[in-house]
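Step one of this worksheet: look at the structure below.
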Amino acid sequence: MAWRRGGARERRGTPAELLLVGLANPGEQYARTRHNIGGDAVEVLAGRHGATLKVEPRQRARLAELTIAGHRVALAVPTTFMNESGAALPGLLERTGVHAPGGIVVIHDELDLEPGRLQLKVGGGLAGHNGLKSIAATLSTKDFLRLRIGIGRPPSREAGAKWVLSRPGKTDADVLAIAAEESADALELLVERGVEQAMNSINARG
């Protein structure tokens, strides 16, 4: 498996069943921006279960391991910048014992979905998302799970970078706050019921 190159050590003890990776840029200047909604969703899920995402320098991420409905799950938010998100994956895979692409779920913002809409998918195109590109390059595959959280399109193509890195106005901020909660619901459903049932339920909501 390409992403285990470099002699990564096997995890000792019970491996996690799923590794949920929320994408976000680090630092207060990026907090609550549209681009950080994936990390926000993972924070919500951790808080629900009384877990704290702790900085793990070797993993280049904030990490928590917990049990949801009897399933061992790891939650992570890379501490790298978004376009270097893949740099956190080798250490996270080693630490959590998750190696199959089907056990990795990346939670991220999505321009092609209206604000607040969720979609769960496996593989597919990367839609120009630099965080996804970095992860796919590290794993040498696109066949990981993705929970896409809609942030909507900017008013013009030229405004794209500014759009994702800006804090939304109150109306969109409220929509995205609800989306973070609903994303945590979706991730709980995925853990409890599996990919097929979760996909059918989440994607049917429109």
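Before moving on, here are some points about what is shown:
- Estimated [θ] at 222 nm from DSSP helical runs (n ≥ 4, -39500 (n - 2.57)) normalised by residues in the chain, nearest 500: -10000 deg cm²/dmol
- Share antiparallel - DSSP beta bridges, the chain, percent rounded to 5: 55
- Taking a Cβ cut-off of under 15 Å around Arg60, the surrounding Lys, Arg, Asp and Glu residues balance to a net charge of +1, with basic ones at +1 and acidic ones at -1.
- Principal-axis tilt of helix 37-48 within the chain, Cα atoms, nearest 10 degrees: 60
- Between Ala159 and Asp143, full extension at 0.36 nm per residue minus the direct alpha carbon distance yields a gain of 2.8 nm.
- Taken along the Cα-to-beta-carbon direction at a fixed 7 Å, the label points for Ile178 and Arg48 span 1.7 nm.
- Each peptide in 73-83, 108-118, 36-46 gets a packing score, the mean of other Cβ atoms within 10 Å over its residues, and the list from highest to lowest is 36-46, 73-83, 108-118.
- Karplus-derived 3J(HN,Hα) values for the stretch 193-204, using 6.51 cos²θ - 1.76 cosθ + 1.60 with θ = phi - 60°, are 10, x, 5, 4, 5, 5, 4, 4, 6, 5, 6, 6 Hz; glycine and proline are entered as x.
- Correct choice for percent of Cα pairs over 22 Å apart that was computed from the model, options [x] 55; [y] 43; [z] 72: [y]
- Short-range pairs are left out: with C-alpha atoms under 8 Å and at least six residues apart, the relative contact order of the stretch 71-155 is 42 percent.
- Fluctuation leader among Arg32, Arg157, Arg60 - the chain, Gaussian network, Cα springs under 10 angstrom: Arg157
- Relative contact order for the stretch 106-190, counting Cα pairs under 8 Å that sit 6 or more residues apart, in percent: 40
- For the stretch 139-148, 3J(HN,Hα) per residue [Karplus equation, 6.51 cos²θ - 1.76 cosθ + 1.60, θ = phi - 60°, Hz, x = Gly/Pro]: 7, 6, 7, 9, 8, 9, 7, 9, 9, 8
- For Ile107, nonlocal amide neighbours, meaning residues 5 or more places apart or on other chains whose placed amide H falls under 5 Å from its own, are Val21, Gly22, Leu23, Leu147.
- Remark: spin-label model distance Thr171-Asn203 equals 3.0 nm, labels positioned 7 Å along the Cα→Cβ axis.
- Charged neighbours of Ala76, selected by a Cβ distance under 13 Å, balance to +1 (K, R count +1; D, E count -1).
- For the stretch 14-203, the relative contact order works out to 26 percent when only alpha carbon pairs closer than 8 Å and six or more residues apart are counted.
- Computed lengthening from Glu84 to Thr14, 0.36 nm per intervening residue step minus Cα-Cα distance: 22.4 nm
Throughout, read-outs are computed from the coordinates displayed, never taken from laboratory work. Note that the structure is predicted; figures quoted are calculated from it, not measured. Please note: Cβ atoms are built from the backbone with ideal geometry, for glycine as well, and neighbour counts cover all protein chains shown.
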